[in-house]
Structure formats: C-alpha cells, structure tokens
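Computed from the coordinates by the stated procedures, all read-outs in this text should not be read as laboratory data. No experiment lies behind these values; they were computed from the predicted model shown. Backbone-built Cβ (ideal geometry, glycine too); neighbour counts: all protein chains shown.
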Amino acid sequence: MEFYRNFRDKTWLIIIGVMTILSLIDSVLIISLINQTVSNSSEPGRGPSVLIALTVFFTLALVVGIWAFQIIYPFHLLSVDYSNKALSLMIASGVNRMTYYFIKLVATLLSTLLAFFTMFIIPFILILGVYSHQLSEFLSMISDTFSIGNILMLILNSLVGSLASIVILFFVVIMTRGKFWGIFVYLGITMAIGIVVVIFTSSIAVYSSNSLNAMPNTSWVGLLLSLIEGLIFGLIGLSFIRKQDL
C-alpha cells in the first residue's frame, strides 16, 4: 500500500519526469562538449562557448535539483501521514507503531532509490544506443582507475549512507510531527555529522603510513560511521514514536 500510494502522487511523478529529461539533456551536452573539445584540440582558439554555457547551466540545474530532491522527496513521503492526519487513524485501528516505523522506512528508501534509478538509468540506456563508443571508453577508463573492490565499497557506502540519511530524516519528521521547518533541523544535524565524519576520515588519511591504504581505510570509517548514525537516530526515533501522543 505504501508503494502504491507513493507512485500515485502525480505531482512527484511529474517532478521525477522533469528531472529525468534534465539528466538526459545534461548527459548529451557533456558528451557533445567532450567530442567537440577533442575534435578542436588542434585549434585552441575556437572554444565552443555556447555549448560550454549550456552544459554548465544544465549541470548546475541538475546538481541543485538532485540536492533538493534527495531531501524534500523522502521528507514528503515520511511526513505525509502526519500532514493528512492519517497516522493517528492507523494507530487507532491497531497498526503496531514499530511495524509502521520499519515499513515506512523501507518503503521510503526503496521509493527514493527507484526515483533516482529512473532519473539516471533511463538516460544511460538512451545514451548507450547513440554514444556507445564514447560510453564504452568512459567505462573502460573508470575500470582502469578503480578496482572492483573500490567500486563495490562505493556502492555499499552509498546505500548505507542513504539509509542513514533517511533514518535521520525520519527522526526529524517524528520529532517535528512532519512540519516543513524540520528540513532545516535535518540540515543542521547533517552538517554537524558531516564535520565529525570529515575529522575522522581526515585523521585516518593523515595517519595512514601507506597512501594506497588511505582510501580503503577512510571508506571503512565512513561505512562504520553511517551504521552508527543509523543505529543511534533509529533507536531515538523508535523511542519517540512509541511514546508520542497522536
């Protein structure tokens, strides 16, 4: 039911569609800029100024859009039951609060990941059919630069970090009862956590005697800190929602 409701929200479906189109346009512009730069490398005086300007504009718009979307969309999914007074009715009808917490958390995480999958995989597939040669060269460069272990660690860090972020966001939603100003509370918490993470990872990098081992060490520290964040804020959020007067 949570998934059904999430994907019946026409406003957010339109926003996801717009972001997908924006991602596709930006990808095409970046590839076109690379191709034009390579073809004009012998003539440095002829800069593709219009193409550069368009690429910068669409890239900045996409970055800002992704940053806002990754906060506002899950906040909306988590807070909608507070804003429409549905949570109190569900609890009164016999829904267990802990069950509700975990179902809401998993549904929001999967819905957000699916939204990002749509935004980036669809443009990736479309570009694959048009710019297959350039894309294969880019992927081969990535594989030469990073090992499979580094790529898997990056994916694992991203998934655990996403889960920790949504757990923190859910804690804020519960604490503020879904009020929109809770987003600013969330930003303050994540900024404070970010400072702690930077201090820890920087310390690991500085004290690592072998620079080749610095990246794996900092990756493991980042993964561990994300797990700790999720555990702490998850327990606090569960405690709040179990005692909250709805």
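Brief remarks follow.
- Residues that are of a type in the set (Val, Ile, Thr) and closer than 24 Å to residue 245 by Cβ within region 150-185 comprise 167, 168, 172, 173, 174, 176, 183, 185, listed in sequence order.
- Consider region 6-17 and keep the residues that are part of a helix (DSSP H, G or I) and without any contact (Cβ under 8 Å) to a residue 40 or more places away in the chain. The one that is nearest to residue 58 (Cα to Cα) is 17.
- Flag for residue 161 being surrounded by 12 or more Cβ atoms within 10 Å (Cβ to Cβ), touching a residue at least 40 places away in the same chain (Cβ under 8 Å) and not in a helix (DSSP H, G or I): no
- When 98, 119 are screened for being closer than 18 Å to residue 239 by Cα, in contact (Cβ under 8 Å) with a residue 24 or more places away in the chain, of a type outside the set (Lys, Arg) and part of a helix (DSSP H, G or I), only 98 passes.
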